[in-house]
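Chemist: Pasting in a structure now, in structure tokens, and then I'll have a few things to ask.
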Amino acid sequence: MASASSSAAQPSTAPGTRSWMERLWSSVADRGRPYAAVLGPDHAAGALDRARELAAALLSERGEASGAAIARELLALLGTLGPDDKLAFYRYLSEQFVPLADRLREAAQAYLADPSPASATALADAAEPTRQEVLRRMNMATGGTAALVDMRRDLLGHLRKMPDLRPLDSDLRHLLGSWFNRGFLEIRRIDWQTPAALLEKLIDYEAVHEIQGWEDLRRRLAPDRRCFAFLHPALPGEPLIFVEVALTTGLAASIQPLLARDGDEAAARAREAAADTAIFYSISNCQDGLRGVSLGNFLIKQVVEELKAELPRIIRFSTLSPVPGFRRWLEAASRRDALPATDWEILQGDAAWWQDAAAAEALRRPLTQLCARYLTTPSEGRGPADPVARFHLGNGACLERINWLGNTAPRGIAESFGIMVNYLYDPDRIEANHEAFVRGTYVRSPEVERLLPLQSRFSS
């Protein structure tokens with residue numbers, strides 16, 4: 001975490017409290033413990049075997065209170081397991097709690113004999129792994145949702161080498177996608193009056209432009225800025241995702257001026273009063289265990305509506321986004337000849353080529369043209385190769401402008417030769433742009449269109 005600056009006043013910290021739902025389920029578990037035979041005094045089994053025993057008992061337990069007690073004990077035990085035992089437990093969940101074969105066979109035969117809505121529903125029920133019910137019951141314990149999010153984060157780090165764990169990951173993703181549905185999320189504006197415990201998490205979780213302590217955070221919450229986060233009642237005080245917004249006059253082309261603004265409040269209020277554009281310059285996902293669960297698209301669209309209601313004079317909504325895969329794409333062996341050898345010599349021969357005006361100007365046209373091609377070239381049927389482009393274009397934005405040397409920080413140079421992109425969110429065009437994207441058309445401005453070679457202009 002970035003260190004807190006002693007020169008900046010820090011907000012007060014609100015005392016942490018458990019939600020009423022957590023207190024309720026803890027009380028239920030206390031009362032249910034005497035009714036759960038598996039929680040008796042004889043615990044000769046090792047920790048891993050004990051965890052397996054509790055998981056099996058959790059599925060067979062019918063009582064709500066006793067089930068809550070077992071779930072609580074199981075989660076507590078899982079927190080003590082070492083990495084190898086955790087993996088063994090994950091494999092146990094993945095392999096043992098599968099659909100009941102006889103029931104599934106009968107349901108499938110019934111559907112083939114009579115493909116009615118009723119038989120389709122029965123088949124879907126029979127095909128659901130019993131593992132999902134185990135996970136649902138684990139979620140009854142206090143802190144269960146957070147524990148399952150952490151479990152999935154742990155799983156994601158092992159899937160490449162252990163594909164046999166994918167069934168468990170699939171079930172977790174399915175359940176978390178339901179539990180973190182937009183209808184359950186709370187949007188909250190973050191400002192300097194927000195409790196310090198939550199503000200500190202923003203410093204920890206910022207993934208795009210590092211926050212350099214409390215003074216930097218205070219600048220990012222100035223009157224000409226906005227910050228919004230999604231929270232969930234099952235994870236109190238934990239942001240799921242947050243977006244930072246700068247209020248500007250016109251489209252911002254470079255991130256350094258936005259990050260370097262001083263803390264003068266009067267100047268910030270003057271910029272707020274003159275602003276006609278909202279620039280989304282950082283979007284950070286905070287919970288790795290929720291990877292693949294749609295949050296950012298809802299957040300951006302909600303923030304657009306929030307800003308329209310608060311600041312009617314804001315008429316333009318745009319990102320200032322990185323292009324994280326561009327350099328890697330261009331340096332691939334199959335594309336090395338896309339850039340003239342003389343340009344490669346500049347890039348490789350001068351460690352600070354962007355500070356040389358002549359060298360930077362020589363590279364501007366070829367690199368921005370290649371970036372336009374990169375951002376509009378389909379990749380394996382998933383949309384553009386660049387993940388940020390894929391997110392924003394799929395979310396209904398327009399590829400508005402490619403900004404040369406928009407980020408000259410080391411990370412920006414390393415990832416994209418300093419290029420940044422404006423993705424424009426026009427509230428009246430979001431749905432149409434999204435529909436175009438799913439049909440294979442990436443909406444872009446005439447300015448970007450002119451950067452593309454003629455043969456590429458009609459191919460995406």
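Here, each number is a calculation from the coordinates, and none is a lab measurement. From a predicted model like this one, the values you see are computed outputs, not experimental measurements. Here the Cβ positions follow ideal geometry from the backbone for every residue, glycine too, while neighbour counts run over all protein chains shown.
Chemist: How far is helix 144-156 tilted, in degrees, relative to the longest principal axis of the Cα atoms in the chain, given as a value from 0 to 90 rounded to the nearest 10?
Modeler: Orientation of helix 144-156: about 60 degrees from the principal axis.
Chemist: Under 27 Å Cα to Cα from Lys161, which lysines show up? Leave out anything in the same chain fewer than 8 places away.
Modeler: Lys86
Chemist: Would you please put 74-83, 217-226, 146-155 in order of how densely packed they are, using the mean number of other Cβ atoms within 10 angstrom per residue and starting with the highest?
Modeler: Output ranking for 74-83, 217-226, 146-155: 217-226, 146-155, 74-83.
Chemist: Under a point spin-label approximation (7 Å from Cα along Cα-to-Cβ), what is the Asp264-Leu311 distance to one decimal in nm?
Modeler: Distance between label points: 1.9 nm.
Chemist: Any idea which of Pro427, His209, Gln132 is furthest toward the positive side of the dipole for the chain, if Lys and Arg beta-carbons carry +1 and Asp and Glu beta-carbons -1?
Modeler: Sorting the options by dipole projection puts first Pro427.
Chemist: Using the alpha-carbon atoms, what tilt in degrees (0 to 90, nearest 10) does helix 47-60 show relative to the longest principal axis of the chain?
Modeler: Orientation of helix 47-60: about 80 degrees from the principal axis.
Chemist: I need Phe230, Phe280, Phe391 ordered by Cβ neighbour count within 10 Å, fewest first.
Modeler: Starting with the residue having the fewest Cβ neighbours, the order is Phe391, Phe230, Phe280.
Chemist: Multiply the residue separation of Ala362 and Ala253 by 0.36 nm, subtract the distance between their alpha-carbon atoms, and state the gained length in nm to one decimal.
Modeler: Between Ala362 and Ala253, full extension yields an extra 37.3 nm.
Chemist: Now a separate question. So how do 270-276, 442-448, 294-300 stack up, highest first, on mean other-Cβ count within 10 Å?
Modeler: Final packing ranking: 294-300, 442-448, 270-276.
Chemist: Distance between Cα centroids, the range 96-172 to the range 375-431: provide it in whole Å.
Modeler: So the two Cα centres are separated by 36 Å.
Chemist: Here's a follow-up. I need to check one value: relative contact order of the range 351-424, counting alpha carbon pairs closer than 8 Å and at least 6 residues apart, in percent.
Modeler: 24
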